[in-house]
Amino acid sequence: MASSKKKKKGGEGEGEGGGGMERWLLSYADFITLLMVFFVIMYAMSKVDVEKYSAMANSLSVVLTGKSASVLESAGPSVVPGVSGVQLKQGTAEMAANQAQLEEVKQVISDFIKNQDQEAAKAQNTGNTDVIKLSDNIIIYEQERGLVISLKDTLLFASGSDELTPRARTIIAGLGNALVKLSNYIRVEGHTDDLPISNGRFASNWELSALRAANVVHVLNESAGIPSNRLSIVGYGQYRPLVPNEDTLSRAINRRVDIVILKQKYDYFEPPKISETESAASGTAAANKP
């Protein structure tokens, strides 16, 4: 009797021991499952859409640095597939060369203004009091977007008119001769004060500012030879004042035409350029279309 009880107790002990030995299988199965899930996630993350990734990287670089990914300042391996570090360094070198070119153009324009002022001084000495000094009517300054040549409206137009004076055409052609060698986009922006136009020819200051900018563009294109695919026109009306329109002086400051030479890093935001040959061909095709 005692022997059978002992045996039964021993059997129960073996059963408990056997059950305890199998518990590791549950932990092992959980571990294997988690490991499998981990590698599935890692595999899914490694399947990157190269085109979308490149577009995302390019967009982020433009927003954060103002430069497209093709011209980021890096000589090492690129994070964007298909763009090497050497290509990026070349883009940076091109921008540096263009900046040096802009500085040279700035100096040429300054010399042009100085020469015009000397001619104006000679004219004044001979009794001509109608000559206006360029240095009093042209401001050259740099912004993040590029070099800005700001011309007061009194230097270019009669009050309320979009027609350039003969001297204004000469001045703009002279400025254009300094800009023609640049490959940058050039934007001509017209600005007015906040007083409504009252001569009946223009529906609003938008039309006046846009037509003034357009007439300046025509001189840059036709007289200075700047290619038309590098030029654009913007009419801001009274909505981009330099100072609040509070009195006669402030309104005179706001009435202007700005010639903006955009830095090449902003080419990313512009429509692609086409050659003069392609432009002429497309124009011919449009003219021949029935």
| query | Looking only at residues in region 76-112 that are β-branched (Val, Ile, Thr) and not in a helix (DSSP H, G or I), which one is modelled with the highest pLDDT? | reply | VAL83
| query | Identify, please: which residue in region 189-211 is in contact (Cβ under 8 Å) with a residue 40 or more places away in the chain and outside any loop (DSSP other than H, G, I, E, B) and is, among those, surrounded by the most Cβ atoms within 10 Å (Cβ to Cβ)? | reply | GLY190
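Kindly indicate whether any position in region 150-157 is loosely packed, with under 14 Cβ neighbours inside 10 Å, acidic (Asp, Glu), farther than 18 Å from VAL180 by Cβ and in contact with a helix residue (DSSP H, G or I) (Cβ under 9 Å, 6 or more places away or on another chain). Give the derivation first.
Restricting attention to region 150-157, the residues satisfying the condition of being loosely packed, with under 14 Cβ neighbours inside 10 Å are none.
Checked against the condition, which is being loosely packed, with under 14 Cβ neighbours inside 10 Å, acidic (Asp, Glu), farther than 18 Å from VAL180 by Cβ and in contact with a helix residue (DSSP H, G or I) (Cβ under 9 Å, 6 or more places away or on another chain), region 150-157 yields no hits at all.
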| field | Qualifying residues in region 186-203 (those that are farther than 29 Å from ASN229 by Cβ and among the polar types (S, T, N, Q)) - the one modelled with the highest pLDDT | value | ASN199
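Can you report the number of residues in region 118-149 which are on the phi > 0 side of the Ramachandran plot and surrounded by 13 or more Cβ atoms within 10 Å (Cβ to Cβ)?
So in region 118-149, the residues on the phi > 0 side of the Ramachandran plot come out as 127, 146.
Next, only the ones that are surrounded by 13 or more Cβ atoms within 10 Å (Cβ to Cβ) stay: 146.
Number satisfying all stated conditions: 1.
In this structure, is ASN115 surrounded by fewer than 16 Cβ atoms within 10 Å (Cβ to Cβ), polar (S, T, N, Q), at pLDDT below 90 and on the phi < 0 side of the Ramachandran plot? Steps first, please.
On the way: surrounded by fewer than 16 Cβ atoms within 10 Å (Cβ to Cβ): yes; polar (S, T, N, Q): yes; at pLDDT below 90: no; on the phi < 0 side of the Ramachandran plot: yes.
No: the conditions fail for ASN115.
Out of all the residues in region 128-148, is one or more over 21 Å from VAL260 (Cα atoms) and of a type in the set (S, T, N, Q)? Can you show your working first?
So the first thing to find is which residues in region 128-148 are over 21 Å from VAL260 (Cα atoms), and the list is 128-133.
Checking the rest, the ones that are also of a type in the set (S, T, N, Q) come to 128-129.
Yes, there is a match, as at least one residue in region 128-148 is over 21 Å from VAL260 (Cα atoms) and of a type in the set (S, T, N, Q).
State whether the residues of region 150-171 include one that is part of a strand (DSSP E or B) and over 18 Å from ARG255 (Cα atoms).
Let us first name the residues in region 150-171 that are part of a strand (DSSP E or B), namely 150-152, 157, 164.
Going one step further and asking which of them are over 18 Å from ARG255 (Cα atoms), we end up with none.
There is no residue in region 150-171 that is part of a strand (DSSP E or B) and over 18 Å from ARG255 (Cα atoms).
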| field | Evaluation of ILE172 against (1) within 22 Å of PRO244 (Cα to Cα); (2) in contact with a strand residue (DSSP E or B) (Cβ under 8 Å, 6 or more places away or on another chain); (3) buried (at least 18 other Cβ atoms within 10 Å of the Cβ) (one fails), failing number | value | (1)
| task | Return yes or no: is ARG240 within 26 Å of the chain's Cα centre (by Cα) and surrounded by 17 or more Cβ atoms within 10 Å (Cβ to Cβ)? | result | no
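The values are calculated or read from the model by the stated rules, or taken from the named source; none is laboratory data. Quantities reported herein were computed from a predicted structural model and do not represent experimental measurements. Every residue, glycine among them, receives a Cβ derived from its backbone with ideal geometry; neighbour counts consider all protein chains shown.
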